[in-house]
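The values are calculated or read from the model by the stated rules, or taken from the named source; none is laboratory data. These numbers come from a predicted model, not from an experiment. Because the Cβ atoms are built from the backbone with ideal geometry, glycine has one as well, and the counts that use them run over all protein chains shown. Just the protein is used for accessible areas: all its heavy atoms, side chains included, with ligands, DNA and RNA removed. Shrake-Rupley method; radii C 1.70, N 1.55, O 1.52, S 1.80 Å.
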Amino acid sequence: MAAARIPADVALRESTLQKLRMFSELRGKPVAPGEFWDIVAITAADEQQELAYKQQLSEKLSSKQLPLGVKYHVFADPPGAKIGNGGSTLCALQCLEKLYGDKWNSFTILLIHSGGYSQRLPNASALGKIFTALPLGNPIYQMLELKLAMYIDFPSRMNPGILVTCADDIELYSLGESEFIRFDKPGFTALAHPSSLTVGTTHGVFVLEPFNHSEHRDLEYKCCYRFLHKPCIETMQQCGAVFKARHFSQQAFAGDNTRSLKLDSDYVYTDSLFYMDHASMKKLLAFYEKIGPLNCEIDAYGDFLQALGPGATIEYTRNTSNVTKEESELIDMRERIFYLLKGTSLNVVVLNNSKFYHIGTTEEYLFHLTSASSLKSELGLKSIASSIFPEIPEYCGKTPCIIQSILDSKCLVAPGSVVEYSRLGPDVSVGENCIISGCYVITKTVLPANCFVCALSLKMSRHLRYSTMAFGVQDSIKKNVKTFSDLKLLQFYGVSFLSCLDIWSLSLTEELFSGNKTCLSLWTARIFPVCSTLRDSVTTSLKMLNAVKNKSAFNLNSYQLLSIEEMLGYKDVEDMLAYRKHIFLEISLKEKQSNLETS
């Protein structure tokens with residue numbers, strides 16, 4: 001009698017936890033040749049971000065949080081125009097060629113794109129999306145460790161080449177016994193996840209060559225006829241990308257946090273990461289060195305993958321509906337890339353029991369860390385991770401999430417809120433759906449519901465200073481307007497930004513904004529006070545936030561004010577890391593004392 005098949009969700013959870021255990025065994029130890037990546041490279045937006053990333057990598061290596069004997073690199077985009085993750089890929093290839101010459105012909109390389117400023121999840125803005133903390137592991141895992149853990153099986157079954165991924169997504173999958181994902185075919189190879197048609201409209205979608213889709217094993221290797229980038233549902237149907245989900249009745253859609261696949265509902269296969277063999281890398285590198293500096297944004301998914309497969313057509317090169325800024329050179333560059341890669345194969349690793357998660361926004365971040373989400377279950381995320389905080393209240397399936405923080409036993413944190421790298425005293429109360437990062441509050445304070453509070457250390461004229469960004473978790477700090485008259489369209493903590501200026505006694509002048517004066521936003525608004533201590537900084541920014549909430553005056557004219565854009569320019573990475581380390585050491589000491597007392 002055949003053994004009963006393990007339910008899909010159980011198999012996914014067990015497979016994920018096994019990868020985490022395997023990675024935990026490698027932390028702080030030298031890896032054998034072929035056991036792990038030869039090179040792990042992270043892209044950065046500019047030289048300042050590059051330096052911040054290198055400082056954090058150095059700290060991780062010295063404290064033995066990463067496997068040793070691996071070459072870790074950070075590659076910054078060149079100054080000038082934004083070049084997108086496709087341009088960053090080309091720059092990284094050039095950097096690798098300069099560093100290693102022909103030696104990299106034999107390397108397995110992981111390339112993680114982390115070059116943005118995380119305006120939709122600003123607690124990752126200062127130190128980077130790839131260094132976003134997760135309530136997992138000890139020392140605490142950040143996205144970098146999780147990426148390395150989830151890809152633990154890849155290097156030993158991968159031909160020389162490069163695996164390209166992004167910093168703010170998570171891919172989970174399970175396979176049958178004795179099955180492994182192989183990256184050993186020429187050209188490109190991409191992972192594919194079953195997803196709802198709605199998810200398909202915001203991702204890449206594979207049009208697979210005809211096959212018998214009634215069997216559906218956990219792992220299947222297919223050829224891709226054509227790749228669609230963020231297609232509409234009608235296009236997916238017309239191109240033959242849509243399947244019926246008769247076999248997925250118990251499994252959730254990849255990328256869908258709220259629903260399970262319904263019996264007989266339609267689904268598509270969407271993208272996540274992809275692999276390029278060395279020949280493809282060399283072809284792209286030769287192209288980049290020939291054309292010189294880029295002046296437009298290239299998307300590694302939309303512009304590389306859409307050129308692949310026998311059904312690829314040049315029509316997509318003129319479709320700029322998914323482009324945030326249409327540069328004059330973009331269409332020409334897309335056409336050149338199309339002809340360069342035309343005829344290259346796109347192999348697809350179909351993972352029928354897999355999930356794709358994105359945690360790049362405040363909404364996604366709070367949902368996955370504080371609710372009974374499937375990701376929380378599959379990863380084993382904790383409500384209290386490497387922290388001192390005695391009780392966790394629960395309300396309607398939600399809990400608070402406390403990451404590497406010290407909270408007094410009388411401190412109250414409402415369900416649905418995340419507190420990371422912070423110290424909160426006994427008379428501190430945190431409302432629901434808040435994100436509190438890097439803060440120090442010991443006096444009686446109420447942090448109102450739905451607030452975002454993140455403190456940064458600054459180095460200004462060789463002096464250590466602090467500034468705290470504070471606003472509503474649902475505020476769009478990325479949204480911008482071109483003129484003063486349109487500032488009424490911006491909202492701060494749910495209140496018209498113009499009304500906030502009156503509450504703070506600030507005048508509407510060009511000096512109120514940093515950077516480009518035709519791109520006005522909460523990101524560039526000079527409204528955040530600079531203080532000499534971390535405690536004063538957090539308290540002062542909370543006063544300006546509460547003034548808006550209560551519609552009571554709070555004069556900011558006596559303070560030096562910075563925009564978030566400027567705060568990042570002044571950030572003192574060393575001091576922020578030292579603050580985090582001090583919290584970690586204090587927690588570790590108290591845990592040792594507690595263990596001695598109970599033994």
*Filter pass, Val473 being under 29 Å from the mean Cα position of the chain (by Cα), of a type in the set (A, V, I, L, M, F, W, C), at pLDDT 95 or above and under 17 Å from Ala547 (Cβ atoms)*: no
*Does the range 541-561 hold any residues that are among the aliphatic types (A, V, I, L, M) and either at pLDDT below 95 or open to solvent by less than 10 Å² (accessible area, probe 1.4 Å) (or both), and which are they?*
Leu542, Met544, Leu545, Ala547, Val548, Leu556
*Candidates Ser354, Ser371, Ser409, Ser429 - the one that is under 30 Å from Thr202 (Cα atoms), more than 18 Å from the chain's Cα centre (by Cα), of a type outside the set (Lys, Arg) and surrounded by fewer than 22 Cβ atoms within 10 Å (Cβ to Cβ)*: Ser371
*Name the pairs whose Cβ atoms lie under 7 Å apart, with the first residue in the range 52-76 and free of Cβ contacts under 8 Å to residues at least 40 places away in the same chain and open to solvent by 60 Å² or more (accessible area, probe 1.4 Å), the second of a type in the set (Ser, Thr, Tyr) and not in a helix (DSSP H, G or I), and 6 or more positions between them or separate chains?*
none
*With respect to the numbered conditions (1) closer than 30 Å to Gln474 by Cβ; (2) polar (S, T, N, Q); (3) touching a strand residue (DSSP E or B) at 6+ places or on another chain (Cβ under 7 Å), which one is the sole condition not fulfilled by Gln48?*
(3)
_Candidates Leu375, Leu381 - the one that is in a loop (DSSP other than H, G, I, E, B), touching a residue at least 40 places away in the same chain (Cβ under 8 Å) and out of contact with any Ser or Thr (no Cβ under 6 Å at 6 or more places or on another chain)_ = Leu381
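Conditions tested, residue by residue: (1) at pLDDT 95 or above; (2) under 30 Å from Tyr466 (Cα atoms); (3) more than 18 Å from the chain's Cα centre (by Cα).
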site: Leu51; (1), (2), (3): yes, yes, yes
site: Gln65; (1), (2), (3): yes, yes, yes
site: Leu68; (1), (2), (3): yes, no, yes
site: Ala81; (1), (2), (3): no, no, yes
site: Gly87; (1), (2), (3): yes, no, yes
*asked:* Considering only residues that are in contact with a strand residue (DSSP E or B) (Cβ under 7 Å, 6 or more places away or on another chain), not aliphatic (A, V, I, L, M) and not in a strand (DSSP E or B), which ones fall in the range 161-175?
replied: Asp168
*Which numbered condition Ile109 fails, given (1) of a type outside the set (Asp, Glu); (2) open to solvent by 10 Å² or more (accessible area, probe 1.4 Å); (3) in contact (Cβ under 8 Å) with a residue 40 or more places away in the chain*: (2)
*asked:* Conditions first: (1) surrounded by 21 or more Cβ atoms within 10 Å (Cβ to Cβ); (2) in contact with a strand residue (DSSP E or B) (Cβ under 6 Å, 6 or more places away or on another chain); (3) not small (Gly, Ala, Ser). Cys519 passes all but one, so which condition is the exception?
replied: (1)
*Hey, among Pro210, Pro231, which residue is part of a loop (DSSP other than H, G, I, E, B), within 27 Å of the chain's Cα centre (by Cα) and either surrounded by 22 or more Cβ atoms within 10 Å (Cβ to Cβ) or of a type outside the set (S, T, N, Q) (or both)?*
Pro231
